[in-house]
Amino acid sequence: MKTTLMIASGLLAVVSLAACKQAEAPKPAESSAASGPMANMPMAGKMMHGMAAGTVTAIDPAKGTITLDHGAMSGLGWSAMTMGFTTKPELLSGISVGDKVDFEIDWDGKAGMITKIAKSGT
């Protein structure tokens, strides 16, 4: 009888522990923003500075916007991509679609603003 009681108590303890098992916390959904060439871009908050060379693919001096097909960007760890930036319209003086340029940006994690741009020597 003692053996049966001990086995029953042991089984009851195992069943009780299994019933008390806490549910695992749900895993956060993966965002599509965390994939592709922009996956390693710094998030908003910390202002960072980057430099690269690229080719002008679109420009609107009146709005102060420019799209560049640029190579790897030092300082930010970005791979080559095509991306639009804002800048002060006066920095775009003399820059045209098709020009090869060297440029610098400030990146806040959401948008990049060109702080320096010049036609490259190559």
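Bear in mind these aren't lab numbers, they're just calculated from the coordinates by the rules spelled out. Computed from a prediction, not measured in an experiment: that's the story for all the values here.
What the table shows:
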item: Theoretical gain in end-to-end length, K63 to T86 [0.36 nm per residue, Cα-Cα removed]; result: 7.5 nm
item: Placed amide H near D99: partners under 5 Å, 5+ positions off or other chain; result: V56
item: Gyration tensor verdict on region 38-119 (Cα atoms; rounded if a/c is under 1.5, prolate if a/b is larger than b/c, oblate otherwise); result: prolate
item: Relative contact order computed over region 38-119 (Cα-Cα under 8 Å; 6+ residues apart), in percent; result: 35 percent
